[in-house]
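Any read-out appearing in this document is the output of simple, stated calculations on the displayed coordinates, not a laboratory observation. Note that the structure is predicted; figures quoted are calculated from it, not measured. Glycine also receives a Cβ, built like all others from the backbone with ideal geometry; neighbour counts cover every protein chain displayed.
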Amino acid sequence: MCGIVGYIGNREAYPILIKGLQRLEYRGYDSAGVALLNPSGELNVFKKKGKVSDLTSYAKDKDITGNIGIGHTRWATHGEPNDVNSHPHYSQSKNLVMIHNGIIENYNAIKERLIKRGHTFLSQTDTEVLIHLIEDIKQHEGMKLGHAVLAALNQVIGAYAIVIMDKNDPDTLIAAKKGSPMVIGIGNDDFFIASDASPIVEYTKNVVYLEDEQVAIIRRGQELKIRNLKDKEITPYVQELTLELEAIEKGGYDHFMLKEIYEQPKSVMDSMRGRLHANEGEVKLGGIVDHEGKFKNAKRIIFVACGTSWHAGLVGEYLFEEFARIPVEVEYASEFRYRNPIIYQDDIVIAISQSGETADTLAAIELAKAKGATIIGVCNVVGSSIPRASHGGTYTHAGPEIGVASTKAFTAQVTVLTLMALHIAKVRGSITESRYRQMLYEMESIPNKIEQVLQLNDQIKRIAEEYKDRSNALYLGRGVSFPVALEGALKLKEISYIHAEGYPAAEMKHGPIALIDEEMPVFVIATKGANYEKVVSNIQEVKARRGNIIAVVTAGDKEVKKMAEHVVEIPETDETLVPLIAVVPLQLLSYHIAVMRGCNVDQPRNLAKSVTVE
Ligand code: AGP
């Protein structure tokens, strides 16, 4: 999730751009850059890996004059974080520059076509391909820039929020958006462009939220013009901003954690974008293509991770054993690294990490690599230490996760692991074509099913109200839902400070059932599946001891409904995909309980977002 800013008017652009990028810092980034057109018509581009402060240090003795410019903070998706891959990017002639937030899925095919037409590229990014395409059309079709942008965007597949500046036209900025956010601020005699309103709100409250597949032609001192991709003029809908700055950064939510819970339909979609092709019956995971042979002959997969990522590994164990029929072990990285583990050269070690910087996980893969294993990373932060230390891998593309309690990263990790398990199963011939296809189509429905669960927020909030003052809680699940029980317990304890434990439901009679009384809420994942009847028996055991049951069930369930104090009904899905949906009510429950207890939800006590020390 990159940050974009643009300015055209009568003020100096540079300070507005820089302050705007600083406002967007909360979105997370690994590099930053600006492009300015100075009064002499010279186009100056300054861009650096690192923070905005690194950029300003670099640019302090440069020519930063000009009253038109664009700026960008990069959250890398294609290409490592480095100076060359930072935005803005030039067109072939270097007369056009562009910034971009999003993913162009078909950039490779376009790039090959442009290379054949003599284009040369400096970076590995999809963004550079798009600005080259725009100029190629402008030059060969003799179009104005605005129309060339329309024509190019009709050829691309993917998500974008772009702003383009033309060295030869100091009075115009072109902006366009699809699937990534963009706001245009309308000042007295200037325009502001940004990913959200936080860089704009101090200059003007009059904004236009560009809609998908719309192109804005912004001309100094003129009315804003908007056209759709069919070249039809659209009347701009100017709104007055009501949110204050801090609320804007959280997207109008009270906390980043809640924002990130609600982002999950999109983040799960983004983790599948360009990878899941259900109609073609394909899964494309570029980062493990070179290791398919290893997976084909693998005798063992070892997941190493910590915390929530370790729970994703437990789900991965079910998925890889179910579909790819490869034996799997799931290791706490902190235990694995000190246990002198037995590691074989044909082992595949998969490191799961949102931050890509967790010290124990990094040390675990260094140990495994030294013993000859193949290391695959499943991480969210492009270019972080763990992916750099891995032989291959797949980024989760969940976007920056600011809340310390991991939510959208978990569902993105499980999504990627599901795609990986299905793909490897196909490679190994361990899954029937019909089951494979059925899974791919069901994967496509998951974002919408998560959306449906988010509609239950008010009900979940009422349940939270009832249990917010309890001192303990138990979470139960069986099979692939056992890791969900662990994850639900971790969410509750880490942000509300209530002691909570997750257990395999069948383990109750081996001890935990001694804990059950009317003060102990028991949260159970009791969705339809092979173990359903057994979970129902476990619920009866709890009820017989006056325990409170709050169950996550498959929509329409009647049996558990008769027994439980509360049921949260989630849409039916394939049993192996239940974690992606069943975890959402537990995330919301822990969030609301923590808020009701006055806890610091986004920065819980004693915790850090990334544990980069042992
Ligand atoms: C989960 O909510 C916690 N924030 C924590 O357990 C986290 O999952 C763990 O520290 C691993 O972090 P990573 O995914 O960045 O490696």
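The label point for L454 and the one for E366, both projected 7 Å from the Cα toward the Cβ, are 3.9 nm apart. The length gained on full extension between I342 and I115, counted as 0.36 nm times the residue separation minus their Cα-Cα distance, comes to 76.9 nm. By the rule of a C-alpha distance below 20 Å, with chain neighbours fewer than 8 residues away ignored, the lysines paired with K294 are K284, K369, K371, K426.
Karplus-derived 3J(HN,Hα) values for segment 186-192, using 6.51 cos²θ - 1.76 cosθ + 1.60 with θ = phi - 60°, are 10, x, 5, 9, 8, 10, 10 Hz; glycine and proline are entered as x. Cross-link partners of K19 among aspartates and glutamates, defined as those whose alpha carbon lies under 20 angstrom from its own and excluding same-chain residues fewer than eight positions apart: D30, D54, D61, D63, D189, D190, D196, E202, E244, E246, E249. To the nearest ten degrees, helix 408-428 and the longest principal axis of the Cα atoms of the chain are 80 degrees apart. Pairs exceeding a 19 Å alpha-carbon distance, out of K468/K609; K259/K491; K48/K167; K266/K408; K534/K558; K509/K562: K468/K609; K48/K167; K509/K562. The fewest-to-most ranking of M257, M98, M563 by surrounding Cβ atoms within 10 Å reads M563, M98, M257. Backbone N atoms of segment 148-176 closer than 19 Å to the 7 Å Cα→Cβ label point of V238 belong to residues 173, 175. Label-to-label distance, M563 versus R462, with points set 7 angstrom from Cα along the beta-carbon direction: 2.3 nm.
Panel order for T56, T65, by other beta carbons found within 10 Å of each beta carbon, from fewest to most: T65, T56. Among V349, V289, the order by Cβ neighbours within 10 angstrom, fewest to most, reads V289, V349. Stretching the chain fully between N606 and E433 yields a gain of 57.4 nm (0.36 nm per residue, less the alpha carbon separation). Segment 191-246 and segment 539-593 have Cα centres lying 43 Å from one another. The calculated FRET efficiency for the pair N228 and V613, based on their C-beta separation and a Förster distance of 60 Å, comes to about 0.70.
Using C-alpha pairs below 8 Å separated by at least 6 residues, the relative contact order for segment 219-326 is 9 percent.
Taking square-rooted eigenvalues a ≥ b ≥ c of the alpha carbon gyration tensor, is segment 136-290 rounded, prolate or oblate, where a/c under 1.5 means rounded and, failing that, a/b exceeding b/c means prolate? In terms of gyration-tensor shape, oblate. As a length-normalised measure over Cα pairs under 8 Å and 6 or more apart, the relative contact order of the chain settles at 10 percent. A straight Cα-to-Cα reach below 16 Å connects K60 with the aspartates and glutamates E12, residues fewer than 8 places away in its own chain not being considered. Compared with the dominant principal axis of the Cα atoms in the chain, helix 578-596 is inclined by about 80°. Computed extension length for N206-R325: 37.1 nm, one decimal, from 0.36 nm per residue of separation with the Cα-Cα distance subtracted.
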